[in-house]
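A.B. asks: Before I ask anything, here is the structure I am working with.
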Amino acid sequence: MKNIGRAFQFALTTIGSSIHRQKPPQPPDAVASVSDLETCVNQLVAFGTPPGLSLVVTKDGTSVYNKSFGLADGPKGTPATPDTVYRWMSMTKIPTAIAILQLYERGFLDIERPVNSYLPFFKVRPTPSTDITIRHLLNHSSGLANPPAILGWIHHEGEPHLNQTELVKSALPDYAKLAFEPGTQAKYTNLGYMVLGAVIEAVSNQTYEEYVAEHILRPLGMAHTNFVYTDDMLPHAATGSHPTAHLTSIMLPLLIEDFDSFIRETVDGRVWFKRIYPDQTPPTGLIGPAEEAARLVTAYLNGGELAGARILSSETVDMMSREGQIASKGPETKMYPGLVHGLGWWTMTGSHERYSFHGGDGPGFSAMMRIYPARNLGITVFGNDWTYGVALSGRSIKDTILDLVASLDWE
């Protein structure tokens, strides 16, 4: 009841604020130069959608553009810089998928084997005619639900982080009813990637976070990317924000228990959050700067290697890029018609240029990585506002920015 009352109050604020609040400037359909692109982004951050943004472009294994715009913290006047760290949110699923495929390469698991051969507690209902395999989890074809409540599975800074296997054990029974027979279709599920995190812990004898740090982040030189805000990261931490005048604002107090305790302050119609940690790290837990996320993108486009450090074989990269793709049947197709889910990456097909990507959206932040293998082009964008990555109709502002970046010649 408390959350419903808070959501109603927030809804009234949203409706009232929306009457008076201008809509953010709409990016153009095309830009002729980097200068035109920067004019567009500067207009957006001046409006506050998002308040701060960091953009990195890599081409042929080299960073060719790295620039930040606007404010990492609006009330404090802190500018966004290339060192600014943001929450990855669901972009974390790509390192999780890479970790699974590393363990596959090393013979610790088989992606065609049933999940319950690694996690005996893994039980779903009704019993499917086809066992749920690791592959099904990777490409979202397991039939597991994507509970909206996961947005509220968060905790404050200073509170203990949850053991990921124990979290899955406790959460799975409430969401174990399958929506469809495994392998017959694909619908996005955060819960499936929580289960993958538990698989990583079971076969590696490390925590999920330790495994990813040791085998992906550190080899790629991602020293300021982590699952917690380290002392080195804190001076560069972007503050997550959310406008009160947005329809998604109604969701947050409904899904987040004691929502007000996560708000640092509200200034000029925008909520600025305290640092928030997701309970579940495998689908949503990473934090870091855009330039370090771009190192992961570059390594992937390089066939799994960067500066002598190899995180996957070129054969496994090719498998991750091409295998297991199944057409999405989820609500994400409204934003991405023709979307197919692969082994981690989402891929856009159709008449336009084919590319793969993964985004991340949640309270205060929105991010995305795109890869264009035919051009050896990678684009990474982070912003400290969820709503610029949300499209109530048509393309989101975040996707439109990425479209404009991809349209330019980065030779």
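A.B. asks: Expressed in nm to one decimal, what extension gain is obtained for the pair Glu112 and His155 from 0.36 nm per residue of sequence separation less their Cα-Cα distance?
C.D. replies: Stretched fully, the Glu112-His155 segment lengthens by 12.0 nm.
A.B. asks: With the dipole of the chain worked out from charges on the C-beta (+1 for Lys and Arg, -1 for Asp and Glu) around the Cα centre, which of Ile371, Met233, Gly342 lies farthest toward the positive end?
C.D. replies: The Cα lying farthest towards the positive end belongs to Gly342.
A.B. asks: Same structure, new question: Starting from the amide H of Val64, placed 1.01 Å from N in the peptide plane, find each other amide H under 5 Å away whose residue is 5 or more places distant or on another chain.
C.D. replies: Under 5 Å from the amide H of Val64: Val57, Thr58, Lys59.
A.B. asks: Once phi is turned into θ = phi - 60°, what whole-Hz ³J(HN,Hα) does the Karplus curve with 6.51, -1.76 and 1.60 give for every residue of the stretch 95-101, x standing for Gly and Pro?
C.D. replies: Couplings: x, 5, 5, 4, 4, 4, 6 Hz.
A.B. asks: In nm, what is the difference between 0.36 nm times the number of residues separating Ala307 and Thr81 and their Cα-Cα distance? Walk me through the numbers before you get to the answer.
C.D. replies: Details: separation 226, 0.36 × 226 = 81.36 nm, distance 2.43 nm.
Once the chain is fully extended between Ala307 and Thr81, it gains 78.9 nm.
A.B. asks: Give the calculated FRET efficiency between Lys123 and Thr184 to the nearest 0.05, with a Förster radius of 25 Å applied to their Cβ-Cβ distance.
C.D. replies: Computed FRET efficiency for Lys123 and Thr184 comes out at 0.80.
A.B. asks: List the trypsin sites (Lys or Arg not before Pro) within the stretch 90-189 that fall in a DSSP loop (any state other than H, G, I, E or B) and whose Cβ has at most 16 other Cβ atoms within 10 Å.
C.D. replies: Numbers: sites: Lys93, Arg106, Lys123, Arg135, Lys169, Lys177, Lys187; in loops: Arg106, Lys123, Lys187.
When the trypsin sites (Lys or Arg not before Pro) of the stretch 90-189 are filtered for loop state and at most 16 Cβ neighbours within 10 Å, Arg106, Lys123 remain.
A.B. asks: Moving on. Summarise the long-distance tail of P(r) for the chain by giving the % of C-alpha pairs beyond 29 Å.
C.D. replies: Distances greater than 29 Å cover 42 percent of the Cα pairs.
A.B. asks: Per 0.36 nm of contour for each residue apart, how much would the distance between Asp232 and Ser314 grow if the chain were fully extended, relative to their Cα-Cα spacing? Please list the in-between numbers first.
C.D. replies: Numbers: separation 82, 0.36 × 82 = 29.52 nm, distance 3.32 nm.
Additional length available on full extension: 26.2 nm.
A.B. asks: Compute the FRET efficiency between Asp260 and Asp36 as 1/(1 + (r/R0)^6), taking r as their Cβ-Cβ distance and R0 = 45 Å, and round to the nearest 0.05.
C.D. replies: Numbers: r = 42 Å, r/R0 = 0.93.
Plugging the Cβ-Cβ distance into 1/(1 + (r/R0)^6) gives 0.60.
Since every read-out is calculated from the coordinates, none of them should be taken as a lab result. Note that the structure is predicted; figures quoted are calculated from it, not measured. We place every Cβ from the backbone using ideal geometry, glycine too, and count neighbours over all the protein chains shown.
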